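Asks: Got a structure for you, questions after.
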Amino acid sequence: TLAYALAGYSWQYFKLDAPAPLDVDWGSSGFSVGAGLETAVSDKMTVGIEYRYSQFAKEDFSDEFPILSGLVTSTPSFHTVRIDAKYKFN
């Protein structure tokens, strides 16, 4: 069994599809942290589970919504759980 931690840089593209002028898109940098477990179930197969938290930079939409300057912001974050199975072919 392998237990591991992870940390690193993340980048995400966001797009809000809405009628103009509410239609906005942007790219955002951030970070990810998490942990996981992986264990062998045979010589050729492993199964694992991983949790990851990602947070991205705060985005201010003052340019898109000037009348609401400073009031329309977003700080996206995600919690992700992944379960996987891996098979080794050689």
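Asks: Which one of these is exposed (fewer than 11 other Cβ atoms within 10 Å of the Cβ), modelled with pLDDT of 95 or more and out of contact with any Pro (no Cβ under 7 Å at 6 or more places or on another chain): A18, A35, A3, A40?
Replies: One residue alone meets the criteria, A3.
Asks: Here's something else I'd like to know. Residues in segment 21-32 that are over 16 Å from F78 (Cα atoms), loosely packed, with under 13 Cβ neighbours inside 10 Å and not charged (D, E, K, R): how many?
Replies: Quick first cut of segment 21-32, residues over 16 Å from F78 (Cα atoms) only: 21-26.
From what's left, loosely packed, with under 13 Cβ neighbours inside 10 Å: 21-23, 25.
Remaining after also requiring not charged (D, E, K, R): 21-22.
Residues in segment 21-32 being over 16 Å from F78 (Cα atoms), loosely packed, with under 13 Cβ neighbours inside 10 Å and not charged (D, E, K, R): 2 in total.
Asks: Please go through segment 1-57 and pick out each residue that is in contact (Cβ under 8 Å) with a residue 60 or more places away in the chain and of a type in the set (F, W, Y). Spell out the reasoning first.
Replies: We begin by selecting, within segment 1-57, every residue in contact (Cβ under 8 Å) with a residue 60 or more places away in the chain; these are 12, 14.
Matches in segment 1-57: F14 only.
The values are calculated or read from the model by the stated rules, or taken from the named source; none is laboratory data. Computed from a predicted model, the values in this text were never measured in an experiment. Here the Cβ is made from the backbone with ideal geometry for all residues, glycine too, and neighbour counts use every protein chain on show.
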